[in-house]
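Here's the structure we're looking at; comments come further down.
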Amino acid sequence: MRKLFFAILFFFQFSCFGEELVEDVVQPQIIRDLCKKCQIIEAKISKLETELANLKEKEKMSVPVVRNVYEMLSRCFTVLFDMQRFSNMLVLIPNQNKNDFVRCSIVIKGFSSYFKAINSKLGQSGNAIARLKQRKENALKDYEQSSKDYVVISEELRKTSEQITSKREKNVTQEDVVCHIAAKCGSIEELDAELEAENMVGILKNTKISTKLALVYPVSGKIVAEFGDRGTDGEMIFYLGFETSKGAVVTSPVKGLIVFAGNFLNHKNMVVLSNGDYRIFVYGIKTLFASIGDLVEVGDFLGWMDNSTENHQILKMELKRSGEPLDPRHWLLQMIDNGDKK
């Protein structure tokens, strides 16, 4: 009976809410634009960090090479000098065979050529190090400027999102129902089953959202955990893990309706997006902007990653259909095949 009550209440809330959904809770374009700018700069900063690390390593490796070349050049110079002294001594020896002078001249000439080659190599190594230092300086300047730009844009995003949040009217009853459902769930599988039982998919179809699924990266970063890998506990994982920088902006990987947004178990903040027959679980978010009932487009603002640590952050994304876990990578690859790689 209690479950029936919640099902009816849920249906009523979303049915009434559906007609004004598009007009009232669609994110402003300014938020989307700021998110896009932030993620572009995040990608640039990540690329520059990798480039700087590579340049430092190359610079570190080039120092022993130059040192060895310099030592070879010094030894070659010493041998050449001794050979020259020996040649001068031959002149002072009476009745000296001419062949000795010829052999001595050949050796000196050979060492002279070797000396020039080593000297040229030393010059090339020096020039290579100079170019490395110049590239490193340019990359460092670009990194510092990009970091400054990111601070300015992310601060603008923070202020704008706070202004919008303060003016947003929330459906408290609707959120209470959702939070009650989430509170009694002990896993993502249970939460998914509850959402399925509440007929969320059926209600969502009334909003005319396409059931054709195509995903994009929710953060600027790289995939470090694959669907089907083994986790630290040895159990199979059913998500994609995206490594990103601290405080990174998290955006919607798909067009859909937010059916849950909040803290869930030990997953930090989680956003559940419903797209036709699919539900997408995005979690590991530190601070949420998204709210239950929001209709979001691809790239809309969901929240921020943790900014209190220097370590890279991991954002996780799961995909389910009728309770069955699916590999999100397949739908990401569809986007790449369509030329929409992020």
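Points to keep in mind about this one:
- Which listed residue is outside any helix (DSSP H, G or I), out of contact with any helix residue (DSSP H, G or I) (no Cβ under 7 Å at 6 or more places or on another chain) and either among the acidic types (Asp, Glu) or at pLDDT 80 or above (or both), from Glu169, Glu162: Glu169
- Comparison of Leu240, Leu265, Leu288, Leu326 shows that the only residue that is buried (at least 23 other Cβ atoms within 10 Å of the Cβ) and aliphatic (A, V, I, L, M) is Leu240.
- Among the residues of the range 287-302, just one is out of contact with any helix residue (DSSP H, G or I) (no Cβ under 7 Å at 6 or more places or on another chain) and charged (D, E, K, R), namely Glu297.
- In the range 306-323, the residues that are open to solvent by less than 70 Å² (accessible area, probe 1.4 Å) and either of a type in the set (D, E, K, R) or modelled with pLDDT under 80 (or both): Asp306, Thr309, Lys316, Glu318, Lys320
- For the range 223-233, the set of residues classified as exposed (fewer than 13 other Cβ atoms within 10 Å of the Cβ) and either modelled with pLDDT of 90 or more or closer than 18 Å to Pro325 by Cα (or both) consists of Gly228, Arg230, Gly231, listed by residue number.
- Scanning the range 248-262 for residues that are assigned to a loop (DSSP other than H, G, I, E, B) and open to solvent by 10 Å² or more (accessible area, probe 1.4 Å) turns up just one, Lys255.
- Residue match in the range 186-203 (condition: at pLDDT below 75, in contact with a helix residue (DSSP H, G or I) (Cβ under 7 Å, 6 or more places away or on another chain) and in a helix (DSSP H, G or I)): yes
The values are calculated or read from the model by the stated rules, or taken from the named source; none is laboratory data. Computed from a predicted model, the values in this text were never measured in an experiment. Methodologically, a virtual Cβ is constructed for each residue, glycine included, from the backbone with ideal geometry; neighbour enumeration extends over all protein chains shown. The accessibility values were calculated without ligands, DNA or RNA, using every heavy atom of the protein model including side chains. Shrake-Rupley method; radii C 1.70, N 1.55, O 1.52, S 1.80 Å.
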